[in-house]
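For reference, the structure discussed in these notes is given below.
The values are calculated or read from the model by the stated rules, or taken from the named source; none is laboratory data. Note that the coordinates shown come from a computational prediction; the quantities given were computed from them, not determined experimentally. Cβ coordinates were reconstructed from backbone atoms using ideal geometry, including for glycine residues, and neighbour counts include every protein chain displayed. What goes into the accessible areas is simple: the full protein's heavy atoms, side chains included, and nothing from ligands, DNA or RNA. Shrake-Rupley method; radii C 1.70, N 1.55, O 1.52, S 1.80 Å.
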Amino acid sequence: MTNTNEPRKQNMNRKFYITTPIYYVNARPHIGHAYTTIACDTVARRQRMLGTDTFFLTGTDEHGQKIERAAQAAGKTPQQFTDEVAGEFRALWQRMGISNDDFIRTTEERHKKRMQELFRRIRDNGYIYKGRYTGQYCFSDELYVDGAKPGDPCPICGRPTETVEEENYFFKLSAFQDKLLELYANPDFIRPETRRNEVISFVRSGLRDQSISRSTFSWGIPVPDDPKHVIYVWFDALANYITAIGFGSTDAGEQETFEKYWPADVHMIGKEIVRFHCVYWPAFLLAAGLPLPKAIMAHGWLLFEESKMSKSRGNIVRTETILDVLGTDALRYFLLREVVFGQDGSFSFDALVQRYNSDLANGLGNLASRTLTMINRYFKGEVPYPSHAATRTAADDVVREKAEWTMSECSQFFTDYQFSAALESIWIRLIATVDKYIVENEPWALGEKQDEDSRSRLATVLYTSAEALRIATALAHPVIPDATAKIWVQMGLGDIKKFDLSTLKWGQLHLGTKLGNIEPVFPRADKSAVERMQQMEDQQRGSTVEEAKIVAPQPPAAQPAVMAPAIPSADRGKITIDDFAKIELRVGVVKVAERVPKADKLLRLEIDIGTEVRQVVAGIAEAYAPETLVGRKVVIVANLAPRKLRGLESNGMIVAASPEGGKPVLTGFLEDVPVGARLK
Ligand code: ME8
């Protein structure tokens, strides 16, 4: 269990169970993963603040052929490999202060046993049978692609599917078509509506039984009583939502936990895995006779350089870069404010820094520091109270009304997972109003005067501002927990986690509350922040460009890799000659070389490889001046999927040795070699 130190409140008669997808461990975490986790963490924190008994689950999806292949490519056993990457996810969430109550790994014994129990239950209920599967499969998405022909692309990622032919266990998905359609009649079950409509039309078009086991590799959970088969990774993964909270356990306490929290109140997911969650998962549960989750909320994709951020496209942004430069709250605020939850949204460092400065440094941060500093200066650090009714003005009431309005609409927006609208309400309706109020009422001018009316008016203005600040801080706490906790302490209010959000109303700030030490919570970021983050990311990507290491082989287009003979365990981590043959290394000659603006490490090259001239962006600028490269022969990986670096498409990878701690050294030949020659 992690981060269970949230104080629980008295009013715990309601429960809330929320989950993230469990992330594949073939790739290091990036801000796409952080996005869903942050959204769930925000909801969980808000529920806890409202006094709800909340359980927040995340974890890692560690079985299946994709992971087995990634481990092989890294020269590790699957267990070593999954231990490492799962550790990175866990460490990142801890660093970010994610308040998950548990972290499930599908390779844990508790999950394996309970998953097998679910399989048995469904089989005993008559919904599993043995058959033969011949068809197309996408290894990247671990997806059976019904109706596809050999070589057809995967509908999710677009990679070529592979032909799979094997004896499998099948799940009678076709038996659940009507029940599923009945379920979707509830408009809250799948959100947003676009996703709901897609699912309805998919199910209406007819459901085919689903293969739920594989028998040509072994990295998975054995099928009970037939260990030649391993359970299909998606079936295994979906079950985490119940195994983690005690389904199938023999322990009475764990059974109680399951009874208490299941069904989930919401499974939060990205839109590409809607079908698994809205069709297969409810059908599995129906087949097992278990209650169904109450809602599935699918958000859109974070895009970077115009396409979905993902490892395979090579356009990921690492979370750590943003944490190092701006901190967790900045990332949380940006993602939830900038992207309309449910729709796709672009990420850029420029937009991140701009939001940070305008909304956090100049917005909430500035409101807190100027209000509290003036209370310190003019009232010896104690919250003043408006004493004379005669000095009150309509402007004070406007602030109060806006605060009340914000509290009420925010609550609805958060309940509907409209994070961006909730934050807009806090910032535009409330914080901007108070800022204007302060400017118009000039407390600094009132502070210079000693007459009783001016003192009274000053007290009113500062009380009103501080009270609005307190309300904005409480409402924003689930989104930006660190900074708001600090402001709360600076306001003399103690531990914000102990505050019961359900009681929030205007006027709770007590006269005479003694302020704490005042320090800025969001120091302004200067222009170099964007460059620093970009450089940190370029270095990461540059290093993968520079390294002459052979990357994990992608599955071949038509050849069924599952039919290939298994690699003996002593040779795990090695690749076969066929794997090597998939990498097309060719001799090219550099025609054009120039620096990439604002990227110290990158050069843009045009390389003639005999049949065409390719643009390649290479991280070798610190080792080679562009003019020394023109006319030089180099080796490039010619069949690497294109990717974008600094907005430039890179079509191939230049091969270089990367001495430890030194600069990259390009490969070359002692004899003359014709352009286009292949290295084999
Ligand atoms: O699909 N934008 O794992 P996964 C927004 N193991 N969200 C993104 C994103 C992006 N660019 N990239 C990733 C799997 N995500 C399965 C899930 S659940 C039983 C099994 C987030 O590692 C988003 O939540 O590919 C997406 O659904 C999830 O990470 C996919 O993670």
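Here are the numbers for this structure:
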read-out	value
Relative contact order of the chain, defined on C-alpha pairs under 8 angstrom at six or more residues apart (%)	13 percent
Solvent exposure ordering (accessible area, 1.4 Å, most first) of W281, W444, W506, W405	W405, W444, W506, W281
Principal semi-axes in Å for the chain [√(5λ), Cα gyration tensor, largest first]	50, 36, 19
Exposure ranking of V630, V353 by accessible area [1.4 Å probe, largest first]	V630, V353
Separation between Cα centres of region 251-288 and region 638-680, rounded to whole Å	47 Å
Whole-Hz couplings from phi, Karplus 6.51/-1.76/1.60, listed for region 160-175; x for Gly and Pro	x, 7, 10, 7, 10, 9, 6, 7, 9, 8, 10, 9, 7, 4, 4, 6
Positive-end residue, the chain charge dipole about Cα centroid, Cβ charges, pick of Y417, G381, L446	Y417
Hits among aspartates and glutamates - C-alpha to C-alpha of K644 under 16 Å, sequence gap 8 or more where chains match	E305, E306, E537, D538, E546, E606
Amide H contacts of L679 (H built 1.01 Å from N, under 5 Å, at least 5 apart or other chain)	L585, R586, V587
Gap separating the Cα centres of region 37-82 and region 403-460, nearest whole Å	39 Å
Additional length obtainable on full extension of the chain from S408 to K663, 0.36 nm per residue less Cα span	86.0 nm
Stretchable slack from A677 to H510, in nm (0.36 nm times residue separation minus alpha-carbon distance)	52.1 nm
Accessible surface of E401 - all protein chains present, 1.4 Å probe, nearest 10 Å²	120 Å²
Under the span-like rule (Cα at least 20 Å along the axis, Kyte-Doolittle mean at least 0.0), DSSP H helices of the chain	452-476
Fully extended contour minus Cα-Cα distance, from S215 to R313, at 0.36 nm per residue	32.3 nm
Distance between region 111-158 and region 580-611 - C-alpha centres, whole angstrom	41 Å
Above-threshold pairs, the threshold being 29 Å between Cα atoms, out of K76/K582; K402/K527; K308/K663; K228/K308; K112/K498; K15/K228	K402/K527; K308/K663; K228/K308; K112/K498; K15/K228
Value of Rg/Rh across region 134-233 [Cα atoms, Kirkwood radius]	1.02
